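Enquirer: A single structure is presented below for examination.
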Amino acid sequence: MTTDDASTAQTLADHLAKCHTPNSGPQFQRSVFNEVTNLVANNAFLFTPQLHPQQEVGDDQDLMAPIESQTVLNAIRKCHNTSAGEDRIDYNIIKRCNPLVFDYLADLYHYLRDIGYFPAVWKSAIGVMIPKPGKDTKIPGNNRPISLLKCVAKLFEKCIARPLIDHLVNSQLINKWQRAYLPRKEANEHVFRFATQIRSAMDFGWTSAAILLDVEKAFDSVWQDGLRHKLTQYRLPNKVIRLLSSFLDSRTIAVRIGNTVSDQTAKYKFRNLLMILLFGLLTDRKPTADSS
């Protein structure tokens, strides 16, 4: 039980820290776990920012096209205004900036992609806790965080995510049943397909069964080295792999209650665009049956 905003905020922040526990249970095949861990450690160059970028594998791909001011403008025009991060700069403020600002942002984003670095200050969020309906809000786990990230960071994500999605789709590197954030794809297609299969089975007097997997705290428990290894299998440019690896590291959140903000809690994953896309890649290539 807490009695003031400061202790409540810190209690909730400590709870979020405990949620982030990378999976290392007995379901791991130890030989595979060790092999992947060693592979990432032995190829640290591929997953570590390089301040002096050089020509390397993948630089000739469309995914490495220059990030120009028009790229940033196209991305910002599609952004609806959302709550700002701790810098209090929302999308509406960015949209009203002098055009020169977009030139500077494009140059910055292009340089960050080339060195494979996602700034640490852009990986910290303010968490506003929303009670789960019908739950006892005095229990920390019955509150879910809305992560308020800096809009300039989210804009960078959009400039990276859209070309990445296009590359994966055009290169047929992603499961054809994947729907999240893919162009001209809707999750309703799965619902319709599922209902059609049930109706067909009923016509024959068959019984239908479904297995639905709900992965609790999926983003929080992502095996980072496993995801890094998976990225190398998608034939992505080295510079993009490096950037995505940096994006995963040392993400933090501080909980705000009223006007009080907790200490920063390390190692917390946000449900933002790029994280959802990366989680989709990690879980991609699961067995499918076209006829079922």
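Enquirer: Check which residues have an amide H placed less than 5 Å from residue 251's amide H, if you skip close sequence neighbours.
Expert: Residues meeting the amide H criterion: 267, 268.
Enquirer: Quick one: grab the alpha carbon gyration tensor of the chain, order the square roots of its eigenvalues as a ≥ b ≥ c, and give me rounded if a/c is under 1.5, else prolate or oblate depending on whether a/b is larger than b/c.
Expert: Taking the square roots of the gyration eigenvalues as a ≥ b ≥ c, the chain is rounded.
Enquirer: Which ³J(HN,Hα) values in Hz, rounded to whole numbers, follow from the phi angles of segment 141-151 under the Karplus curve 6.51 cos²θ - 1.76 cosθ + 1.60, where θ = phi - 60° and Gly and Pro get x?
Expert: Values per residue, Gly and Pro as x: x, 8, 10, 10, x, 9, 8, 9, 9, 5, 5 Hz.
Enquirer: Order of 227-233, 135-141 by packing, highest average Cβ count within 10 Å first?
Expert: 227-233, 135-141
Enquirer: Evaluate E = 1/(1 + (r/R0)^6) for residue 260 and residue 213, where r is the Cβ-Cβ distance and R0 equals 51 Å; express this FRET efficiency to the nearest 0.05.
Expert: FRET efficiency, residue 260 to residue 213: 0.85.
Enquirer: Okay, moving on. Of all beta bridges DSSP finds with both residues in the chain, what is the antiparallel percent, to the nearest 5?
Expert: 70
Enquirer: Sticking with this structure for a sec: Could you give each residue of segment 162-169 its phi-based ³J(HN,Hα) in whole Hz, using Karplus coefficients 6.51, -1.76, 1.60 with θ = phi - 60°, and x for Gly or Pro?
Expert: Along segment 162-169, the couplings run 4, x, 5, 4, 4, 5, 5, 6 Hz.
Enquirer: If amide hydrogens are placed 1.01 Å from N in the peptide plane, which non-local residues have theirs closer than 5 Å to the one on residue 148?
Expert: Distant-sequence amide H within range of residue 148: 126, 127, 128.
Enquirer: Another question, if that's okay. Most fluctuating residue of 179, 88, 199 in a GNM of the chain with Cα springs under 10 Å: which is it?
Expert: Largest GNM mean-square fluctuation: 199.
Enquirer: Could you do me a favour and compute the accessible area per residue for the chain, 1.4 Å probe, result in Å²?
Expert: 58
Enquirer: Right, here's the next one. For the chain, what is the relative contact order in percent, using Cα pairs closer than 8 Å and at least 6 residues apart in sequence?
Expert: 34
Enquirer: Same structure again: Build a GNM of the chain with springs between Cα atoms under 10 Å: which of 198, 94, 165 gets the top mean-square fluctuation?
Expert: Ranking 198, 94, 165 by mean-square fluctuation puts 198 first.
Enquirer: What residues qualify as long-range amide H neighbours of residue 89, i.e. H under 5 Å apart, gap of 5 or more or another chain, H built at 1.01 Å from N?
Expert: Sorted by chain and number, the residues that satisfy this are 151.
Enquirer: Who wins for biggest fluctuation among 129, 275, 202 in a Gaussian network model of the chain, springs between alpha carbons below 10 Å?
Expert: 202
Enquirer: Follow-up question, since we're still on this one. From the phi of every residue in segment 94-107, what ³J(HN,Hα) in whole Hz does the Karplus formula 6.51 cos²θ - 1.76 cosθ + 1.60 yield, where θ is phi - 60° and glycine or proline is x?
Expert: Karplus values, whole Hz, x for Gly and Pro: 4, 4, 8, 6, 4, x, 4, 4, 6, 5, 5, 4, 4, 4.
Enquirer: Can you give me the relative contact order of segment 105-156 as a percent, contacts being Cα pairs under 8 Å and 6 or more apart?
Expert: Relative contact order for segment 105-156 comes out at 35 percent.
Enquirer: Let me ask something else. For segment 1-131, just the Cα set please: Rg and Dmax, both in angstrom.
Expert: Using the Cα atoms of segment 1-131, the pair Rg, Dmax is 20.7, 58 Å.
The values are calculated or read from the model by the stated rules, or taken from the named source; none is laboratory data. These numbers were taken from a predicted model, which means no experiment stands behind them. Reconstructed Cβ throughout: ideal geometry from the backbone, glycine too, with neighbour counts over all protein chains shown. These area figures cover heavy atoms from the full protein model, side chains too; ligands, DNA and RNA do not enter into them. Shrake-Rupley method; radii C 1.70, N 1.55, O 1.52, S 1.80 Å.
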